[in-house]
Amino acid sequence: MNIAQYTKAASLDEAWELNQKRSAVILGGCCWLRLSPQRRIAQAIDLSALGLDQIEEDAEAFRLGAMVTLSQLEGSESLEAFTQGAMKEALRHIVGTQFRNRAPLGGSISGRFGFSDVWTLFLALGAKVELYKGGLVSLAEFGKTGPGKDIVTHLIVPKKACQTAYASLRLNATDFPIIAVSASTDGENVRCAIGARPARAEVVTLPFADVQQLGAVAAAEKIAASMKYESNMRASEAYRRDMAEVLCRRVLTKILGGDAK
Ligand SMILES: Cc1cc2nc3c(=O)[nH]c(=O)nc-3n(C[C@H](O)[C@H](O)[C@H](O)COP(=O)(O)OP(=O)(O)OC[C@H]3O[C@@H](n4cnc5c(N)ncnc54)[C@H](O)[C@@H]3O)c2cc1C
């Protein structure tokens with residue numbers, strides 16, 4: 001990676017102005033960007049001096065800054081309590097502690113990676129992306145467009161969910177997941193997201209009463225069957241489909257108050 005001009009932005013306005021140049025690139029933690037060694041960046045924009053590294057919370061929602069690291073999320077006691085440990089479970093497999101100390105939320109969201117544990121969890125939690133100019137958009141909507149020339153400043157997680165669970169399957173510890181599933185309920189609806197199919201996570205929303213009536217086994221079958229899967233070097237389409245159903249069953253059992261096996 002070769003950077004011609006590096007600017008540590010003093011304000012979001014400055015960062016946004018600089019980012020309007022075609023060749024400008026916003027830097028997260030560079031964990032992904034640095035893997036493109038031949039890349040020449042004419043204008044790199046560093047957001048690290050803008051106070052976006054805070055986890056804020058009020059009665060309605062969590063407001064997570066784009067420069068909050070995966071480790072900060074993993075270590076947050078309020079997020080752990082709010083998600084009953086699902087936050088930690090989603091993040092603890094990602095590469096290693098040093099990596100998670102460096103990788104911020106903004107890059108994880110903006111990258112829109114198919115394999116993303118981060119995406120799978122936040123989609124189930126009904127998160128919204130806050131863009132500097134574009135305002136609030138649902139994470140699902142942001143998946144279609146990406147940040148474009150805008151800047152992701154925060155992720156908003158409504159304090160609606162009262163039960164959340166997360167599960168992923170990896171061929172090797174710390175590798176990309178071959179399937180990732182998260183379910184969350186506010187008592188009214190159940191949101192179940194399946195990621196690493198290997199395409200980006202998608203979410204299915206069902207009334208809580210319907211899921212309760214179906215039970216975890218039948219609901220998992222229904223939800224897993226509603227998504228498309230593909231084969232790649234890590235797993236076949238059929239294996240992903242089968243494992244998605246198993247993981248759906250486990251997370252649904254948990255949020256329905258049962259004992260997930
Ligand atoms: C080897 C490896 C293994 C990984 N394994 C997993 C895994 O198992 N599970 C998982 O969930 N993730 C995994 N990841 C992804 C990782 O967690 C980070 O999300 C990813 O590396 C992005 O890095 P970064 O956050 O430093 O962003 P960067 O590399 O700095 O940026 C990524 C992209 O986002 C853009 N960007 C960054 N911040 C913003 C912003 N605020 N506004 C607009 N655009 C922005 C950048 O311009 C760039 O295009 C892995 C990554 C690597 C390199």
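The values are calculated or read from the model by the stated rules, or taken from the named source; none is laboratory data. Note that the coordinates shown come from a computational prediction; the quantities given were computed from them, not determined experimentally. Because the Cβ atoms are built from the backbone with ideal geometry, glycine has one as well, and the counts that use them run over all protein chains shown. Heads up: the accessible areas ignore ligands, DNA and RNA and are worked out on the full protein's heavy atoms, side chains in. Shrake-Rupley method; radii C 1.70, N 1.55, O 1.52, S 1.80 Å.
What the table shows:
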quantity: Verdict on residue 4 being exposed (fewer than 13 other Cβ atoms within 10 Å of the Cβ) and of a type in the set (A, V, I, L, M, F, W, C); calculated: yes
quantity: Breaking point among (1) surrounded by fewer than 18 Cβ atoms within 10 Å (Cβ to Cβ); (2) without any contact (Cβ under 8 Å) to a residue 24 or more places away in the chain, for residue 72; calculated: (1)
quantity: Strands (runs of 3 or more DSSP E) (entirely within region 87-193) containing at least 1 residues that are touching a strand residue (DSSP E or B) at 6+ places or on another chain (Cβ under 7 Å), farther than 18 Å from residue 32 by Cβ and open to solvent by 30 Å² or more (accessible area, probe 1.4 Å); calculated: 128-131, 135-138, 152-158, 163-169
quantity: Region 25-44 residues that are more than 6 Å from the ligand (Cβ to nearest atom), paired with ones that are part of a helix (DSSP H, G or I) (beta carbon under 9 Å, 6 or more apart); calculated: 39/33; 41/33; 43/18; 43/19; 44/33
quantity: Looking only at region 45-77, and only at residues there that are touching a His at 6+ places or on another chain (Cβ under 8 Å) and in a strand (DSSP E or B), the one that is nearest to the ligand (Cβ to nearest atom); calculated: 65
quantity: Region 78-123, residues that are out of contact with any helix residue (DSSP H, G or I) (no Cβ under 8 Å at 6 or more places or on another chain), among the aliphatic types (A, V, I, L, M) and either away from the ligand (no atom under 12 Å from the Cβ) or without any contact (Cβ under 8 Å) to a residue 40 or more places away in the chain (or both); calculated: 81
